[in-house]
Structure formats: structure tokens, C-alpha cells
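The values are calculated or read from the model by the stated rules, or taken from the named source; none is laboratory data. Everything numeric here is computed off the predicted structure, so don't read it as measured data. We place every Cβ from the backbone using ideal geometry, glycine too, and count neighbours over all the protein chains shown.
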């Protein structure tokens with residue numbers, strides 16, 4: 001039976017541990033110039049409904065380094081852009097490529113693609129979840145804090161798709177997550193209830209200082225996700241008290257690390273002083289997208 005990666009919960013706790021271990025091994029192999037062609041003759045079709053820097057580069061480079069090939073597919077250049085049904089595209093692509101990665105406007109598009117494809121489907125981002133990003137975040141936390149259970153993560157800002165995946169990941173990791181966001185920008189309450197039903201500790205509030213207090217990790221993301229650009233001015237006013245700056249960071253643990261999945265709007269959700277500081281692991285976090293996605297591709301295709 002084929003496996004997909006539409007949500008972080010498409011893997012088990014043990015499988016997560018194996019993926020992180022494989023990711024760290026691949027990172028070390030890359031450092032010393034070792035590139036076994038595990039995915040020779042394999043091809044990844046990459047559908048991008050949204051623009052991308054890290055997702056496109058990491059998957060394309062990852063497939064190349066594993067001995068495979070990646071195809072960049074713009075829906076405007078495909079029959080999808082002319083109204084072809086997703087299920088038909090899924091069936092056709094299943095005859096041509098080894099797996100599909102989609103960066104989609106709608107989570108429903110990802111799930112529909114997975115239902116009708118005979119090959120693995122990877123969620124490269126949707127409006128609801130961003131599981132590949134959370135894999136990289138977990139790897140980065142393990143690298144810097146040397147543990148994942150009982151790590152307290154403070155999420156400050158918009159309760160977006162990355163925040164949703166962070167919440168779901170607590171079921172696998174044992175992390176405690178505290179979320180501080182404006183009341184009208186909360187993450188999915190369905191995801192929070194699901195995580196809590198599995199014993200996860202999720203705190204939801206509006207006070208960023210309370211969320212950050214003694215936290216091991218401080219996470220943030222852009223206040224204006226793709227597709228909401230027309231709300232920029234309004235959001236900047238609402239989110240102004242949620243900026244991650246040195247004053248806010250002073251309430252976290254002395255050794256706390258700062259994470260941002262990028263792109264960062266410097267001077268908005270995070271200051272230059274924080275993102276460029278020794279507390280920031282943002283660049284490791286970005287690099288680790290490559291390693292976890294290579295590990296994921298190996299799991300699904302090797």
C-alpha cells in the first residue's frame with residue numbers, strides 16, 4: 001500500500017525518530033561529499049500553485065543528490081490551469097512519475113490528489129498544514145537542544161498553517177506548545193482539541209510574554225501569509241504587540257533558541273537584532289528542509 005505525507009500525523013512517533021536520524025546521517029554524508037544514488041531513475045513531479053524558495057530548491061536539490069530527478073510544474077502551464085480535474089491529473093501523473101509534491105492553495109487539493117494518485121503524495125504546503133516545515137523544525141530543535149520531549153515551544157504571532165502542524169506534532173514529540181496570538185487569528189481549534197485528546201499540552205492565549213516565559217524555543221512566522229497580502233496594513237497594526245524582539249526574548253530561558261520558517265519580514269514579526277543574533281537558528285532550520293525531505297523521499301520511494 002502506498003504511503004503519503006499530507007500531514008505530520010501520517011507518520012508514527014517511531015517513524016519520526018527514524019526520519020530525524022536518517023536526516024542527520026544524510027546531513028553528515030553531504031558534509032563529507034558522499035551522495036549514494038538511492039533514488040536513481042526516480043522522478044518527483046512538483047506542482048507549485050504558490051511561489052517558493054526553500055521548498056522548490058530543497059526538493060529539487062534533494063532529488064538530484066539522491067540520484068533522481070525533479071520536475072517543476074506550474075499549474076498555468078498544465079491542464080490543471082485550464083480546468084482539468086485534480087483526480088484526472090493524479091491518475092495521469094501516476095503513470096509518469098514516482099511521486100508528487102504539491103504546494104497548494106487549498107488543503108482539499110492535496111487530499112484529493114492523494115486519494116486518486118497511485119504514487120506517494122507529499123504536502124509541500126497548504127492553507128491548513130505545512131508538515132515538511134515541522135519536520136525540519138523538529139530536527140533543528142534536536143540538534144540544538146539535544147532532546148525533543150518536554151521542550152516548551154512558544155509560538156508568537158499568526159495561528160497559521162505552520163502553527164497547525166506544530167500543534168499536531170506534539171502528539172508525536174511530547175513538546176509543550178504555548179501560543180500567543182490575536183483572538184481573530186487563532187490556529188485551528190480542531191487541531192488543538194485533537195492534540196489535547198492525545199495528552200498534549202497546548203496553551204492558547206493572547207499575551208506574548210506569558211507564552212515566552214521560560215520557553216526553550218521561541219517561534220514566529222510572517223504576519224501576512226500568501227493570499228492575504230491585501231490585509232497587510234490591517235494585520236501589521238493588530239500584530240504589532242507580537243513582534244519577537246530582544247525585550248520579548250528576555251523572558252525566555254537564557255539558552256532559548258529562536259526559529260522562523262522564512263521568509264522573514266525584518267522589522268515586522270522579528271527584528272534584525274534577534275534574527276541575526278547567536279540565539280537564532282533560522283539558517284540551520286532552513287538548511288534542514290533539505291535533509292528531512294531527502295529522508296522523507298527515501299522513506300517513500302527507496
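Among the numbered conditions (1) in a helix (DSSP H, G or I); (2) crowded, with 24+ Cβ neighbours inside 10 Å, the only one that residue 172 does not meet is (2). In region 1-113, counting only strands (runs of 3 or more DSSP E) that sit wholly within it, the ones holding 3 or more residues that are modelled with pLDDT of 95 or more and more than 21 Å from residue 137 (Cβ to Cβ) span 43-48, 69-73. Scanning region 146-167 for residues that are crowded, with 24+ Cβ neighbours inside 10 Å and over 28 Å from residue 236 (Cβ atoms) yields no hits at all.
Can you spot a residue in region 137-154 that is under 27 Å from residue 93 (Cα atoms) and not in a helix (DSSP H, G or I)? No.
Yes/no matrix, rows are residues, columns are (1) in contact (Cβ under 8 Å) with a residue 12 or more places away in the chain; (2) touching a helix residue (DSSP H, G or I) at 6+ places or on another chain (Cβ under 6 Å); (3) buried (at least 20 other Cβ atoms within 10 Å of the Cβ):
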position: 4; (1), (2), (3): yes, yes, yes
position: 13; (1), (2), (3): yes, yes, no
position: 51; (1), (2), (3): yes, no, no
position: 55; (1), (2), (3): yes, no, yes
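Taking the stated definitions as given, is residue 179 crowded, with 21+ Cβ neighbours inside 10 Å, at negative phi and part of a helix (DSSP H, G or I)? Taking the combined requirement at face value, the residue does not satisfy it.
Looking only at region 158-183, residues that are more than 18 Å from residue 216 (Cβ to Cβ) and over 14 Å from the mean Cα position of the chain (by Cα) come to 5 in all.
Scanning region 116-145 for residues that are surrounded by fewer than 19 Cβ atoms within 10 Å (Cβ to Cβ) and touching a strand residue (DSSP E or B) at 6+ places or on another chain (Cβ under 9 Å) gives 144, 145.
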